[in-house]
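Okay, structure first, notes after.
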Amino acid sequence: MEAFLYESHESRVKFGRGLIREAGFELEKLGGKRALVITTAGRRVLANSMAALLGERCAAMFTEAVQHVPVKTVDNAMKVVRQFDVDSFVPVGGGSSIGLAKALALKTGYPILAIPTTYAGSEMTPIWGITENGQKKTGKSLLVRPKTVIYDPEVTVTLPSRLTATSGINAVAHCVEGLYAENANPVISLLAEEGIRVLCSTLPALIESPKDVTLRTEALYGTWLGSLVLGSVGMALHHKLCHVLGGSYNLQHAETHAVILPYALWYNSAAIRPALEAIARALNCEPDDVAASLYDLTNALGVPVSLKEIGMKKEQLDEAADIAVKHPYYNPRPLEETSIRHLLEYAFYGERPK
Ligand code: NAD
């Protein structure tokens, strides 16, 4: 075994059906007396229920979170924070709601109680992002890592099939890249392998039975593992490419992850044998078939497998390849612009990787 560094940071996690009802108790434990409930426009009903659950501890609601945290949204939400003398944040939603809460926590230092309703996995990480003039700036700070997370599968049963599938693959992607991270370690690798196994075996059944709370519980368990991995070790080509494509061309976050993952694995495959073996154990396939198996899974889930289908334009591929290699970062296989351009071409047409 190679030398490694393992660091962990405390956070409180409550996991189980119906536990959203304990949000008031959890907020009190954090010292929150005047919370801002945060969500996206589509989740207003849920935000209302959360406000009712919190009672007097809810000072205001902000229901205009959108993906990639535009600076204008942060500014608007900060006005509400000041106007209502807010002292804590309760995002109830996907990565967009939690992302906005993180941006506000970065400015104020107030604690976050997060209640995730998708599988994006922002809740266990210290990673924040804010978008200004089309550029998404990201950073890490323990200030933004939610102090408490409630995983309640009941709030995920409304997740539409397409988002269930793509968001689920987003969680798989955290686990996959965690296995070949620069700072990978044996504990996180165990979580990652288990996360891939749980998510990939649950997602097909969940598309058939979206209201099945037992399956939703399994998927949320995989989400937690993926989020722990994402919050603990560094990511590589897959996440960086998705960041470029999402930030520069406003492609939908989860769909971009679902399309890119098999191609990122295909690109890295010659340099990540132990990771391929772990993924193969989780998927019950041969190590050499991992990229194709993940492509087949995404295809079987009935969601887009090509960048073309999710709104990318062919004339954007050259620029995307250029941006992707501009700022060097760790990746197990060196980044070469021509090869990245090939990867994007395959992903654009959705060709099955071999
Ligand atoms: P999202 O939060 O934008 O949600 C997508 C859509 O699904 C929204 O319209 C929302 O209203 C709806 N929705 C959410 N939960 C629902 C439910 N239970 N039922 C029905 N509809 C529901 O998308 P996302 O994929 O969860 O998050 C994407 C964002 O999160 C991106 O901006 C990404 O960069 C960020 N992210 C950040 C981190 C991090 O560690 N900082 C990690 C993962 C993702």
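Within region 126-168, the residues that satisfy the criterion of being open to solvent by less than 20 Å² (accessible area, probe 1.4 Å), more than 8 Å from the ligand (Cβ to nearest atom) and hydroxyl-bearing (Ser, Thr, Tyr) are 148, 151, 164. Please work out if residue 120 is open to solvent by 10 Å² or more (accessible area, probe 1.4 Å) and within 28 Å of residue 279 (Cβ to Cβ). Answer is yes for this residue. Annotation: residue 72 fulfils all but one of (1) under 19 Å from residue 155 (Cβ atoms); (2) without any contact (Cβ under 8 Å) to a residue 40 or more places away in the chain; (3) within 16 Å of the ligand (Cβ to nearest atom); (4) open to solvent by 40 Å² or more (accessible area, probe 1.4 Å); the unmet one is (1).
Could you list, in sequence order, all residues of region 75-94 that are charged (D, E, K, R) and either without any contact (Cβ under 8 Å) to a residue 40 or more places away in the chain or within 15 Å of the ligand (Cβ to nearest atom) (or both)? Spell out the reasoning first.
At the first step, the residues of region 75-94 found to be charged (D, E, K, R) are 75, 79, 82, 85, 87.
Scanning region 75-94 gives 75, 79, 82.
Scanning region 47-66 for residues that are out of contact with any strand residue (DSSP E or B) (no Cβ under 6 Å at 6 or more places or on another chain) and near the ligand (Cβ under 10 Å from one of its atoms) turns up just one, 66.
Only one of the numbered conditions (1) in contact with a Pro (Cβ under 8 Å, 6 or more places away or on another chain); (2) farther than 30 Å from residue 201 by Cβ; (3) near the ligand (Cβ under 9 Å from one of its atoms) is not met by residue 123, and that is (2).
Just the residues that are open to solvent by 30 Å² or more (accessible area, probe 1.4 Å), of a type outside the set (Phe, Trp, Tyr) and within 22 Å of the chain's Cα centre (by Cα), please, taken from region 265-296.
Step one: of region 265-296, the residues open to solvent by 30 Å² or more (accessible area, probe 1.4 Å) are 266, 269-271, 273-274, 277, 281, 283-286, 288-289, 293, 296.
This time we only want the ones that are of a type outside the set (Phe, Trp, Tyr), so: 269-271, 273-274, 277, 281, 283-286, 288-289, 293, 296.
Listed by number, the residues that qualify are 283, 293, 296.
Total residues in region 95-109 satisfying the condition of being free of Cβ contacts under 8 Å to residues at least 40 places away in the same chain and more than 11 Å from the ligand (Cβ to nearest atom): the figure is 5.
The residue that is most open to solvent (accessible area, probe 1.4 Å), among those in region 169-187 that are part of a helix (DSSP H, G or I) and away from the ligand (no atom under 15 Å from the Cβ), is 187. Evaluate the following for residue 299: is it within 16 Å of the ligand (Cβ to nearest atom), open to solvent by 60 Å² or more (accessible area, probe 1.4 Å), out of contact with any strand residue (DSSP E or B) (no Cβ under 6 Å at 6 or more places or on another chain) and not small (Gly, Ala, Ser)? So residue 299 does not fit the description; no. Within region 1-55, the residues that satisfy the criterion of being more than 18 Å from residue 89 (Cβ to Cβ), part of a helix (DSSP H, G or I), open to solvent by 40 Å² or more (accessible area, probe 1.4 Å) and not small (Gly, Ala, Ser) are 21, 45.
The values are calculated or read from the model by the stated rules, or taken from the named source; none is laboratory data. Bear in mind that the values here come from a model prediction, so they are computed numbers and not experimental data. Backbone-built Cβ (ideal geometry, glycine too); neighbour counts: all protein chains shown. Each accessible area value is taken on the protein alone, full model and side chains, heavy atoms only, with ligands, DNA and RNA left out. Shrake-Rupley method; radii C 1.70, N 1.55, O 1.52, S 1.80 Å.
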